[in-house]
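Here's the structure we're looking at; comments come further down.
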Amino acid sequence: MNSPAEIRTLVTDIVQATPVFDIHTHLYDPAFGELLLWGIDDLLTYHYLIAEGFRQSDVPYEKFWALSKTQQADLIWDALFLRHSPVSEACRGVLTVLQALGLDVRKRDLPALRAHFAQWEVGEFTTRCLELARVRQVCMTNSPFDPLERPVWERGFARDPRFAAALRIDPLLLDWANTAPQLHAWGYEVRADFSGQTFGEVRRFLADWTRRIDARYCMVSLPAEFAFPAETAEARLIEHAILPHGREHGQAFALMIGVRRGVNPQLRMAGDGLGLADVGAVENLCAQFPANKFLVTMLARENQHALCVAARKFRNLHVFGCWWFLNNPSIIEDMTRMRLEMLGLSMTPQHSDCRVLDQLVYKWSHSRGIIGRVLAEKYADLAATGWEPTRAEIERDVHDLFGGALERFLKD
């Protein structure tokens with residue numbers, strides 16, 4: 001029988017070597033130009049760090065937002081890395097990236113770091129980050145309602161196969177009153193009161209964009225108050241347009257539930273919060289529409305146990321990731337252990353949620369360590385019963401956890 005230490009070494013090696021399909025990010029194919037964020041200033045002005053920086057600085061909000069990105073990065077570097085030790089997960093992540101790129105962070109020299117990044121060309125840097133993170137493919141978040149993104153898709157471009165697409169439809173569901181006239185202007189015969197051909201035309205819109213971007217799935221980020229069934233625009237559109245579209249095109253519907261937008265508007269993107277959601281809404285969707293597939297992640301830690309219980313009851317529900325405020329080592333470890341204990345290998349423990357390309361390096365480095373530690377514990381428990389997993393079995397399992405199970409869920 002292998003000792004726990006031998007099992008831990010074997011699992012660690014496999015977890016570190018297995019390529020990942022990162023199933024949800026905010027990254028872009030390099031063909032999107034400036035929409036793909038990368039480099040030290042984008043790392044430092046990530047909204048996690050902006051929110052944290054304001055806690056350690058008395059700079060007025062309006063003055064900060066009037067600064068250039070470089071000046072904002074200077075302030076955050078000074079507040080979080082020089083005047084205080086960078087112990088938060090977001091700060092540690094920046095240092096993990098710099099170390100992986102071979103940079104000496106002991107000098108605390110931000111101009112030197114900028115000089116290093118200035119030497120890179122975006123295509124080469126993209127390849128380097130994917131290699132360091134051992135990510136085989138990332139799934140983007142693609143909105144046809146984004147005025148900067150939409151024209152790129154309409155012009156067309158040579159796709160980088162490492163960047164898959166997901167169709168994001170937040171304005172369609174959450175701002176129907178303003179989105180309906182926009183769809184009408186684009187040639188879809190929809191009406192704000194849902195009369196006439198509205199639902200069929202929304203389905204035509206979804207089909208057009210699914211084909212245009214070759215979307216892996218359709219997705220939306222929903223508030224904590226989301227309910228289903230309900231007499232709301234989003235519930236009606238989900239039932240009569242989104243889900244019929246999914247059944248027709250074999251496309252899963254991803255719901256990211258629990259955000260509270262603009263808790264502090266002065267923080268802009270960094271000002272969102274979270275709320276406790278109703279897992280019953282997810283259960284109702286899964287029960288009423290068994291021919292549809294649902295990918296679900298929830299933002300409140302308090303929702304995670306109930307979501308796991310729901311996934312045990314509905315095989316058309318795939319739980320994924322430690323989203324946003326849950327992306328901290330202590331919480332990731334707790335959630336991963338609970339999911340393995342309740343769902344086995346039929347879930348995806350993590351997605352990076354990256355907005356900056358470089359973050360792939362730290363988010364997967366940190367998550368691999370945690371997932372590997374929890375997995376090793378579970379395999380040691382198996383070995384104690386006399387069931388010793390082979391290398392091939394562990395490799396199979398890790399592949400599933402790192403995107404394989406989701407790919408199979410989307411395809412079957």
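The values are calculated or read from the model by the stated rules, or taken from the named source; none is laboratory data. Everything quoted here is computed from the prediction, not taken from an experiment. So basically every Cβ, Gly included, is an ideal-geometry build from the backbone, and we count neighbours across all protein chains shown.
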Q) Which residue pairs have Cβ atoms closer than 7 Å, lie 6 or more positions apart in sequence or on different chains, and pair a first residue in the range 61-79 that is of a type in the set (S, T, N, Q) with a second residue that is assigned to a helix (DSSP H, G or I)? A) THR70/ASP41; GLN72/PHE64
Q: Could you please give the count of residues in the range 2-36 that are outside any strand (DSSP E or B) and closer than 19 Å to ARG373 by Cα?
A: 18
Q. Residues in the range 198-216: is at least one of a type in the set (A, V, I, L, M, F, W, C), more than 26 Å from GLU283 (Cβ to Cβ) and either assigned to a loop (DSSP other than H, G, I, E, B) or more than 25 Å from the chain's Cα centre (by Cα) (or both)?
A. no
(Q) Whether any residue in the range 312-325 is out of contact with any strand residue (DSSP E or B) (no Cβ under 7 Å at 6 or more places or on another chain) and buried (at least 22 other Cβ atoms within 10 Å of the Cβ) is what I want to check. (A) yes
(Q) With the structure loaded, tell me whether ASP58 is part of a helix (DSSP H, G or I), surrounded by fewer than 20 Cβ atoms within 10 Å (Cβ to Cβ), more than 27 Å from the chain's Cα centre (by Cα) and not polar (S, T, N, Q) or whether it fails that test. (A) no
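Of the residues LEU49, LEU103, LEU113, only one is part of a loop (DSSP other than H, G, I, E, B), surrounded by 14 or more Cβ atoms within 10 Å (Cβ to Cβ), of a type in the set (A, V, I, L, M) and not assigned by TED's automatic domain parsing to the domain that holds THR141; which?
Numbers: LEU49 fails: part of a loop (DSSP other than H, G, I, E, B); LEU113 fails: part of a loop (DSSP other than H, G, I, E, B).
Of the residues listed, the single one that is part of a loop (DSSP other than H, G, I, E, B), surrounded by 14 or more Cβ atoms within 10 Å (Cβ to Cβ), of a type in the set (A, V, I, L, M) and not assigned by TED's automatic domain parsing to the domain that holds THR141 is LEU103.
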Q: Being aliphatic (A, V, I, L, M), touching a residue at least 12 places away in the same chain (Cβ under 8 Å), closer than 23 Å to PHE32 by Cβ and touching a helix residue (DSSP H, G or I) at 6+ places or on another chain (Cβ under 6 Å) narrows it down to one of ALA133, ALA227, so name that one.
A: ALA133
Q.
Looking for something modelled with pLDDT of 95 or more, aromatic (Phe, Trp, Tyr) and touching an Asp or Glu at 6+ places or on another chain (Cβ under 6 Å) - is there at least one such residue anywhere in the range 176-185?
A. no
Q. List pairs: first in the range 81-94 and under 14 Å from HIS366 (Cβ atoms), second at pLDDT 95 or above and in a loop (DSSP other than H, G, I, E, B), Cβ under 7 Å, 6+ apart or cross-chain?
A. GLU89/ASN328; ALA90/TYR46; ARG92/PRO86
(Q) If I filter the range 65-79 down to residues being over 27 Å from the mean Cα position of the chain (by Cα) and part of a helix (DSSP H, G or I), which single residue comes out as nearest to ASN264 (Cα to Cα)? (A) ALA66
Q.
Out of everything in the range 246-273 that is closer than 26 Å to ASN316 by Cα and among the hydrophobic types (A, V, I, L, M, F, W, C), what residue ends up being surrounded by the fewest Cβ atoms within 10 Å (Cβ to Cβ)?
A. ALA252
Q: Would you please list the contacts, defined by Cβ atoms under 7 Å and residues six or more apart or on different chains, that run from a residue in the range 332-353 that is under 13 Å from LYS378 (Cβ atoms) to a residue that is of a type in the set (D, E, K, R) and surrounded by 24 or more Cβ atoms within 10 Å (Cβ to Cβ)?
A: PRO349/ARG339
Q | Failed condition for ALA376, given (1) under 19 Å from the mean Cα position of the chain (by Cα); (2) in contact (Cβ under 8 Å) with a residue 40 or more places away in the chain | A | (1)
Q. Is it the case that some residue within the range 344-356 is among the polar types (S, T, N, Q), part of a helix (DSSP H, G or I), under 16 Å from the mean Cα position of the chain (by Cα) and within 26 Å of ASP41 (Cα to Cα)?
A. no
(Q) Quick check on my filter: what residues within the range 227-245 are over 25 Å from the mean Cα position of the chain (by Cα) and either in a loop (DSSP other than H, G, I, E, B) or surrounded by 21 or more Cβ atoms within 10 Å (Cβ to Cβ) (or both)? (A) PRO229, ALA230, GLU231, THR232
